[in-house]
Amino acid sequence: MKRFFLLSMLLAIAGIAAAQRDTALFKRIVPDSGRLHMNMDAVYNRPFVQAGKLPATLGGYVEANSAYFSENGVSEGLSFQLPRLTLFVASTIRQRIKFLSEIELEEGGREINIEFASVDVELDPLLNFRGGIIMNPIGAFNQNHDGPKWEFISRPVAATTIIPATWSTVGFGVFGKYAQDNWVWAYEAYLSNGFDDKIINNNQNRTWMPASKTNAERFEESFNGAPLITLKGAVRHRRFGEVGISWMGGVYNKYREDGIDLDQKRRVDFLALDYNTRLSKWNTAITGEWVWAFIGVPPTYTQQYGRRQQGGFIDLVQPVIQQPMLGWNQATINVALRGEYADYNVGRFIETGGNIYDQVTAIVPGISFRPSGQTVLRANYRYAWHRDLLGNPAKKIAGFQFGISTYF
Amino acid sequence: MSNKYIWATGVILLLVIAMMACQKMLPRAPADDRLLDGPVAELSTEQHIQFLRGDVAFNDEVFTAETGLGPLFIATSCGSCHAGDGKGHPFTTLTRFGQPDTLGNRFLQRGGPQLQHRALPGFLPEQLPAGATFSRFMPPANTGLGFLDAVPDAELLKHADPDDADGDGISGRPNWIPLPGYGSLRPDAIQRNGRYIGRFGKKAAVYDLLQQTASAYNQDMGITSAYEPHDTYSGQAIDPEIGTSKVLDVVFYLKTLKAPLQRNAENPEVKAGRQLFLELRCSSCHVPELKTGYSPVAALSFKVFYPYTDLLLHDMGPELNDGYTEGTALPEEWRTPPLWGLGLSMNAQGGKYFLMHDGRAGSIREAILMHGGEAQQSRNRFRQLTEPEQQQLLWFLESL
């Protein structure tokens, strides 16, 4: 069923692509860059294609990379990846009733995820209802993660392994926006299915939030019947940029089954801060996010599994050349730098009082060429230090990545 | 062409140069003599493949509730306690308890001899029963074990002097242990009253690497196998949670881990330190050189190697007596630990030294000063050395 759906979407997109010369029939809808967009708008703020009077618009993006990495001097050689191909379908069902879905094929189709599939009903700009498969608004990356928007090939570590982006579940909630002068205020609040105990019972040997993503059951029923709550507030100023604060939390373990109490309730909570802006003087884009996670791990379980995690990233992107190039009118060359950090086990050993490490630190300089806003060719050099639980000399992993990512 | 184009070309050129200088910008491999893991030289391709399989099972396989972990356990993988095949950390120590003398363990019904102090959510871990004597064991480095395994029993007995016939104050005797119900004997194994010579573990209470591996799976992680089928929680024999071939791969991996390589051996200070090591009679227990007998793995067969151990038990005096007996190894008796790889210990112990059986010594000097019993004379002579001489000895030990 999923595959059939995908196939028809692909065919439709291919058809549109093939017939695009007939400009009268097909309309490209490019996001309106004049308005004050926030991270929460990212799902709609994408290029779509509309075919004639068809009620649905289609879109998507693809990423293709090559990488050459070496770990402590040992390289596995050059590899090529198609980490993801994502398809969107959006339609306006009635006035102020919209449907949008996003389907992601990861690793050459080995994983197919419905990242997003929800109906939005606007009762008032301040009160919209959203139900379906939602992308929990925790941090900013989870909401605003499309490959072509980023100058970096690897997704930020903390935003994908502490906040397990892209993290989506079934649920519903409300959101709204209020704009005045140079300010926009926004909120989101959702109830959804949550995590499961894989986060402390997995083959990564650490508290690993993404382990819950492998449980597709969350789209059918909750693991434990306790809802995950996600709340986000954000404010954007035309000059100063956007700040968001978000919290997501719920019970992750199966504390009861068939009416029998198995364990006490154990929670997982995330608190995230995100910020992005573009300096008007230099046109430098700054994007950053930091997350703290708190996990109720039973005291009798091993400290191998962290009770607290934290991490984040900061990206600086500086356009250095913006002018027509090679026939592209709005081409840009950017230089970019990312610094990032993730600590999977914040705490101290009971036995020694010494710090528990289990950390990753990385710096990623890069350069990108954008023929237009929707397509990016990028080259990154990544140097990462991985320290084990005990804090032994870091394993150094470094390498080059080259890739392309584009909306279509 | 405008300036900007020149600029852009420049940037792209730089990038290309950077890519070509690629190798320079990638992390370099640490020197071979700085690493403890890696296979012995001269393995055949087939043996390399088995080594790699064992490597993955040992270092990468993490057990979860679904794959059999626990319910009681201490750690979730071999590699958690033996990171990089180096020594452990207080976080990864084991506690054994309940046997004050050779008459047997009084606490077998209460979780003895090994304390499983961690448990899956919903289960209660074991607690040290009141009144039980216990000892903590720090994970040793796992290097060169195949060489130690291939030393013939007769060679070990040559170094033994249970009644101190030569009157040098140093005796040394094997731990005579009953065999586990599985595995096979070494060629020319020597038997005494139905018991055989144990050589692995702090008290030499383990016969060979198969016994060590099968019981580590069982006792440290709660994983049953055809060899050790009893679940540590229920005490019942249950279905194997790991296959026999995987256990054997891990045994092969352990057997074919290379021996640590000495660093700076030609440095004059190090050489002087080595001389002191011999003069202080450290070498009576930490025997520098041993020989293997026949081994089906050619790389281990009839080889001379330098572990600095005799694999025998020594009375180390009251300070190192924890009151815990294992097999016939009395509370004050400990197996001489190999000193090879000693200088690299910190790279696996989180940047600190945790030496002696439970990690109580924070430096090599402290470890030496804790020697008592049969080693008291050596320790006293170490104390009498001048400061520079002591330093030479320490440099030698760090070079191992």
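Is any residue of the range B:282-299 close enough, with backbone N under 17 Å, to a label point placed 7 angstrom from the Cα of B:Ala41 along the Cα-Cβ axis, and if so, which? Answer for the range B:282-299: B:292, B:298-299. Out of the range B:225-332, which GluC sites (Glu not before Pro) are coil in DSSP terms and have no more than 13 other C-beta atoms within 10 Å? Here the sparse-neighbourhood loop sites are B:Glu266, B:Glu289. Placing +1 on each Lys and Arg Cβ and -1 on each Asp and Glu Cβ, with no other charges, gives the range A:2-407 a dipole about its Cα centre of roughly 960 debye.
The distance separating the Cα centre of the range A:224-260 from that of the range B:229-305 comes to 51 Å. Shielding of peptide A:296-306 by partners, expressed as the average count of other chain Cβ atoms within 10 Å per residue Cβ, is 5. Taking the charge dipole of the protein assembly as shown about its Cα centre, with +1 at Lys and Arg Cβ atoms and -1 at Asp and Glu Cβ atoms, the residue from B:Ala160, A:Val360, B:Pro30 reaching farthest to the positive side is A:Val360.
Full extension of the chain segment joining B:Gln109 with B:Asp239 gains 44.6 nm, where the gain is 0.36 nm per residue of separation less the Cα-Cα distance.
Who wins for biggest fluctuation among A:Arg307, A:Arg238, A:Arg46 in a Gaussian network model of chain A, springs between alpha carbons below 10 Å? Result for chain A, Cα springs under 10 Å: A:Arg238 fluctuates most.
Shape analysis of the protein assembly as shown based on the Cα gyration tensor places the equivalent ellipsoid semi-axes at 59, 31, 23 Å, largest first. If R0 is taken as 41 Å, the Cβ-Cβ distance between A:Phe99 and B:Leu14 corresponds to a FRET efficiency of 0.30.
For the peptide A:205-215, the mean number of other protein chain Cβ atoms found within 10 angstrom of a residue's Cβ is 1.
For the range A:250-290, what percent of Cα pairs sit more than 17 Å apart? Result for the distance tail: 59 percent.
Under the criterion of Cα pairs below 8 Å and six or more residues apart, the relative contact order for chain B equals 21 percent.
Cα centroid separation, the range B:163-186 to the range B:321-343: 13 Å. Its DSSP H runs of at least 4 residues, each contributing -39,500 (n - 2.57), put the calculated 222 nm mean residue ellipticity of chain A at -1500 deg cm²/dmol, to the nearest 500.
Rounded to 0.05, the FRET efficiency of the B:Asp166 and B:Gln275 pair, given R0 = 25 Å and the Cβ-Cβ distance, is 0.70.
Computed over Cα pairs, the Kirkwood radius of chain B leads via Stokes-Einstein (1.306 mPa s, 10 °C) to a diffusion coefficient of 70 µm² per second. The distance between label points at A:Arg239 and A:Ser66 comes to 4.7 nm (points 7 Å beyond Cα on the Cα→Cβ vector).
Give, as ranges by residue number, the residues of the range A:337-379 whose backbone N falls under 19 Å from the point 7 Å along Cα→Cβ of A:Glu76. In the range A:337-379, the label zone of A:Glu76 (backbone N under 19 Å from the point 7 Å along Cα→Cβ) covers A:360-361. Its Cα centre serving as origin, the protein assembly as shown has a Cβ charge dipole (Lys and Arg +1, Asp and Glu -1) of approximately 3040 debye.
For chain B, a Gaussian network of Cα nodes joined below 10 Å ranks B:Ala298, B:Ala348, B:Ala375 by mean-square fluctuation, and the top entry is B:Ala298. Once the mean of 1/r is taken over each pair of separate Cα atoms and inverted, the range A:2-407 shows a Kirkwood hydrodynamic radius of 22.5 Å. The helix-based estimate of mean residue ellipticity at 222 nm for chain B, built from -39,500 (n - 2.57) per DSSP H run of four or more residues and divided by its residue count, is -7500 deg cm²/dmol to the nearest 500. Over the range A:2-407, Cα pairs under 8 Å with separation of 6+ residues give a relative contact order of 13 percent. Ordered by the number of other Cβ atoms lying within 10 Å of each residue's own Cβ, fewest first, B:Val304, B:Val297 fall into the sequence B:Val304, B:Val297.
Between the C-alpha center of the range B:50-125 and that of the range A:131-166 there is a gap of 38 Å. Sorted fewest first by neighbouring Cβ atoms within 10 angstrom, A:Thr352, B:Thr95 come out as A:Thr352, B:Thr95. Among the residues of B:352-358, the average count of other protein chain beta-carbon atoms within 10 Å of the residue beta-carbon is 1. Cross-link pairs exceeding 18 Å between alpha carbons, from the set B:Lys255/B:Lys291; B:Lys87/B:Lys271; B:Lys202/B:Lys352; A:Lys213/A:Lys396; A:Lys213/A:Lys395; A:Lys149/A:Lys396: B:Lys87/B:Lys271; B:Lys202/B:Lys352; A:Lys213/A:Lys396; A:Lys213/A:Lys395; A:Lys149/A:Lys396. Using R0 = 30 Å, the C-beta based FRET efficiency linking A:Leu54 and A:Leu127 works out to 0.50.
GNM remark for chain A: springs join alpha carbons under 10 Å apart, and the peak mean-square fluctuation among A:Gly171, A:Gly306, A:Gly391 falls on A:Gly391. Length gained on full extension, A:Arg278 to A:Ile350: 21.4 nm, using 0.36 nm per residue less the C-alpha separation.
Every read-out reported here was derived from the displayed coordinates using simple, explicitly stated rules and does not represent laboratory data. Everything numeric here is computed off the predicted structure, so don't read it as measured data. Because the Cβ atoms are built from the backbone with ideal geometry, glycine has one as well, and the counts that use them run over all protein chains shown.
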